[in-house]
Structure formats: C-alpha cells, structure tokens
Amino acid sequence: KVIEPCDFVLFGTKGDLARRKLLPSLYELEKAGLIHEQTHLIGVARYEMTQEEYVTLVKENIEKFTGEALCDDTWQRFSTKLDYVQIDMQDYDSYAALQGCVDESRTMVCYLATPPSIYGDICKGLNAAGIIDPSVRVVLEKPIGHDLETSMVINDQVAEFFKESQIYRIDHYLGKETVLNLMALRFANSIFATNWDHNCVDHVQITVAESVGIEGRWGYFDDAGQMRDMVQNHLLQILTLIAMEPPASLDANSVRDEKLKVLKSLRPINASNIRENTVRGQYTSGFVRGEEVPGYLEEEGANTESETESFVALKVELDNWRWAGVPFYLRTGKRMPRKVSEIVIYFKPQPHNLFKDSFNQLPPNKLTIRLQPDEGVEITVMNKVPGLTSSGAMNLQKSKLNLSFSEAFDTKRIPDAYEKLLLEVLLGDQSLFVRRDEVEEAWKWVDSILEAWKKSNEKPEPYQAGTWGPVASIALLAREDRAWYESK
Ligand code: BG6
C-alpha cells in the first residue's frame, strides 16, 4: 500500500467534527509525513468565505483542538494544500464549483462530515457535476440511520452512485490503538488463542463510561439515546473483535465476514426477555469529578418529559459454538464518575483448589484490556508471597502482570483514532471500516431492544450523575453471582 496524491474533499468543514477531529488529524498526518506532497485538501461548506479566511479558520481550530502551537514547517506545507469551495449541499448546480478544483487523473476522497440526512444529496450533487468515477472513495460518518429502515434508505441513496468497495463507514473506535491491539493480542499470541472460548472463559465485561453529559447536543442526543449513539456501533464493534473467529487474513472482507457472523449470532432481546437482560438509566443532578452538574432533564434545551436513556447495561449472549453459555455484559453511560473504557475477560475457576486453607475459592484469572485512558493490558495471577510462615503453609497473593503502553513503548503520543482511519482511507484499505451488512445486522438487533423498551411503557431508571448507573445495573450481574469490575 502506498500513499498517493489525491483530492480530499471535506464536506462540512466548518462543522464540529471537522474542527475538533478531522482537521487536527489531517494536520498530525502532515506532521508525520503521511500526506502526499501533491495532495489537495478541499474544504466544503455553504458559507461564503475567502481562501484567506478559511486558512485562518483551519489554523485557529488546529491550534485550539491540538492544544499546541503549530510547527512552522508543518503548517507551511499543510496550509498550501488547503482550498475552500462554497457549496449549498442541497443545490446540485452548486457542485459545479468543484470541477475546477479536482483533478480527474487522481483519486478523489469525499469525506461526508455532515448530517446523514444529506448524504444522498451530496452523492447526487457530485454526480450532477460529473466527477464520480470508480476510483472515488466516499467516507460516511455515523449515525447511519435511526433504525434498520432509515439506515437502509441512506445506504441505498449512497449505493446508487458508489459500489460497496468505494464506501468507508467510520466507527472511530475501530481506529483506537487499543481496539486495534485486540487483533494483535488475540491472533499473535497462542496463549490467548487457545484459551478464548466457553471452555476457559466464564464471562466478559465491556465498559465504556464517559464523565461528560450531552455537551450541548440535546437535539441529536435526545433523538438517539445511548443505545443508538454508543451501543449500536462502538460497543457492538468491540464485541465483534473480541468474539470473532480468526479471519483467514487481514484482508478487509475476511475480517468483516467474521465480524458479521458474530452479529448474526447475537441472541435476540425482545419483549419476552427484555427485563432480565437490559437496564436503561437517565442521570439526575450530582457531582462529577468534584463539579456539580445538572440532571439530563435540566440540560440546556431539554424536554423535561424526555424518556431517552443516557445509560445502558446489557447481558448479551452469542448463540454460537465458541461462546455458548458465556455472557457478555455491556455497560455505557454519560455522567459516570470518570472516562474509562475497559474490557475484562474473566476466566473460569481452577478445576481443583490446592490452597483451601487460605482460599475457599481461588480468585479467577482476569485479563483487562484498558482501551482508554492509561492504555494497556493487565493480567491478574496468583503468586506465592516470598518468605517463611510458622505453619509452613504457602501464602498466596493476587498480583498483576501489567503492560502500560506509555511505559512499554517508546511512543511520545498515541495517535488519535481519526488519524489512523484517515490514513487508511488515503491508503485505500477498508479493513477498519464497517460494511453495510454489519451496520444492518447491528440495527436489527438494537431495533428489537428499542421496540421492547417502548412497548414496556417503563421509564429509564434514574441514577445520580457521578455514579456507575442505576442500582438495577448492579443487580443485572448480582443475580448471577457476579459483579461489575471496579476500575482503578
Ligand atoms: C461518539 C458519540 O461517537 O463517541 C459521543 O456520538 C461520545 O456521544 C463519543 O461521547 C465517545 O468517543 P470517545 O472517543 O471520546 O470515547
């Protein structure tokens, strides 16, 4: 794979995502020498702006969101690649403005950082301008749809102009270093490969907790809720990487075929089993990291009657050979005590206890994969405490084999997920992007839960901001004699 020159067209260049993530990530790629010197970065928005104003806007945002003063050389190289084109994305004639900016002999990448409701319009506009050809790559941001039906509409609109091999659906969790490391951990280490199934694993926990609330995004979030915003995509993608069979190769379709099989094995949750398998919550006011914060219904612009969930806990089962009888517990929420994303694999107890004198039950081995922050991998093992005891008995203690990325690797900074994903788009590799059938299979499963919640007529359970969610989430595991892992 090589990085070739291209025309990178960023639709929605003035939007939140572009300013916070995409422009800073492109700049970091420039710094790392990963953008071809002849690449052209074209920002598109509906506002009138001179080239100079656009370059200033980009500079201010990169400074703000990287939190660094820009390096003169890098900025010099980067800024000469920038261009701005004003387009009203629903006026197909206005796309003609792109014709003079893109070079037909090179690859064009169109990044749609806009509301998905206008993806279809953008495709039509590009078509009207006559600049679509089989080499064009189109990048779509989540959420793709609100449910299976609406996601199919959006996917159909895009598919009218682009083949699946040209479409890159982003789930930024797939670009996180530690999520990528799941593949290395599982498939480059035989110690895990042979212990990764129902014979050895008791259960798995996946926590993606955030301390932030809805950050002024009431309109979007209240319509989506934590299930659509986080579970349908990020948590299910993590689950597929933990649970999938080894792919035949790292080729995009081999990996995605295996992920799809996991999604197809998700045991449906519906009105008949919703109560024992799900918990949803909504935060009330409280303290997060020492700061007093309002409840969900008191957020700016809130509809005080809203029943949207800001927390979800699920017991998920996979009906397949490898994972029969192994529950996967998922939880994710806003306004939790801190931002932490972790996967914990609990192994089965030892078949026989030689240390009954000290332990009625030996604690199980645990593999913890810290996705963020303090990225790393940790295994708990039992060890003999060195030294003599008057009874001669062995004194055992639980200890940790801990690999912290920041200590183990000589990397000054961990790249942002968007840097990795943008690089993959420039390289033309789809492995880290979600295929249409994956999105649809995930929606199918999620829709059934959402429907059952709606029918149940029950409201989400309140939890105080700054806690780990409603009490019912603790009960979800407690009734099976298990408990959520307490992160440090
Ligand atoms: C986004 C969600 O996809 O992921 C946000 O829309 C959420 O609501 C964010 O805050 C979390 O991403 P990260 O990388 O900060 O864990």
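Here are the numbers for this structure:
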{"item": "First in the stretch 184-204 and within 21 Å of Phe405 (Cα to Cα), second anywhere and open to solvent by 60 Å² or more (accessible area, probe 1.4 Å) and not in a helix (DSSP H, G or I), Cβ under 7 Å, 6 or more apart", "result": "Phe187/Pro246"}
{"item": "Condition check for Ser341: open to solvent by less than 20 Å² (accessible area, probe 1.4 Å) and either within 16 Å of the ligand (Cβ to nearest atom) or out of contact with any helix residue (DSSP H, G or I) (no Cβ under 9 Å at 6 or more places or on another chain) (or both)", "result": "yes"}
{"item": "Pair list, Cβ < 9 Å and 6+ apart or interchain, from the stretch 206-226 residues that are open to solvent by 20 Å² or more (accessible area, probe 1.4 Å) to residues that are part of a strand (DSSP E or B) and of a type in the set (S, T, N, Q)", "result": "Glu210/Thr332; Glu210/Ser341"}
{"item": "Per-region count, the stretch 53-79, residues closer than 13 Å to Ile42 by Cβ and open to solvent by 10 Å² or more (accessible area, probe 1.4 Å)", "result": "1"}
{"item": "Filtered residue count, the stretch 16-34, keeping only those that are open to solvent by 10 Å² or more (accessible area, probe 1.4 Å) and either basic (Lys, Arg) or under 17 Å from the mean Cα position of the chain (by Cα) (or both)", "result": "5"}
{"item": "Of all residues in the stretch 160-184 being open to solvent by 20 Å² or more (accessible area, probe 1.4 Å) and part of a helix (DSSP H, G or I), the one that is farthest from the ligand (Cβ to nearest atom)", "result": "Ser165"}
{"item": "Criterion (of a type outside the set (Asp, Glu), within 30 Å of Ala193 (Cβ to Cβ) and in a loop (DSSP other than H, G, I, E, B)) met by exactly one of Leu250, Leu263, Leu236", "result": "Leu250"}
{"item": "Selected residue [at pLDDT 95 or above and more than 16 Å from the ligand (Cβ to nearest atom)] from Val201, Val208, Val139", "result": "Val201"}
{"item": "Unmet requirement for Gly281, which otherwise passes all of (1) open to solvent by 30 Å² or more (accessible area, probe 1.4 Å); (2) in contact with a Pro (Cβ under 7 Å, 6 or more places away or on another chain)", "result": "(1)"}
{"item": "Qualifying residue in the stretch 369-384 (condition: more than 16 Å from the ligand (Cβ to nearest atom) and open to solvent by 60 Å² or more (accessible area, probe 1.4 Å))", "result": "yes"}
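The values are calculated or read from the model by the stated rules, or taken from the named source; none is laboratory data. Worth saying up front: this structure is predicted, and the values here are computed from it rather than measured. Neighbour counts run over all protein chains shown; Cβ positions are idealised from the backbone, glycine included. When the accessible area is computed, the model is the full protein with side chains, heavy atoms only, and any ligands, DNA or RNA have been set aside. Shrake-Rupley method; radii C 1.70, N 1.55, O 1.52, S 1.80 Å.
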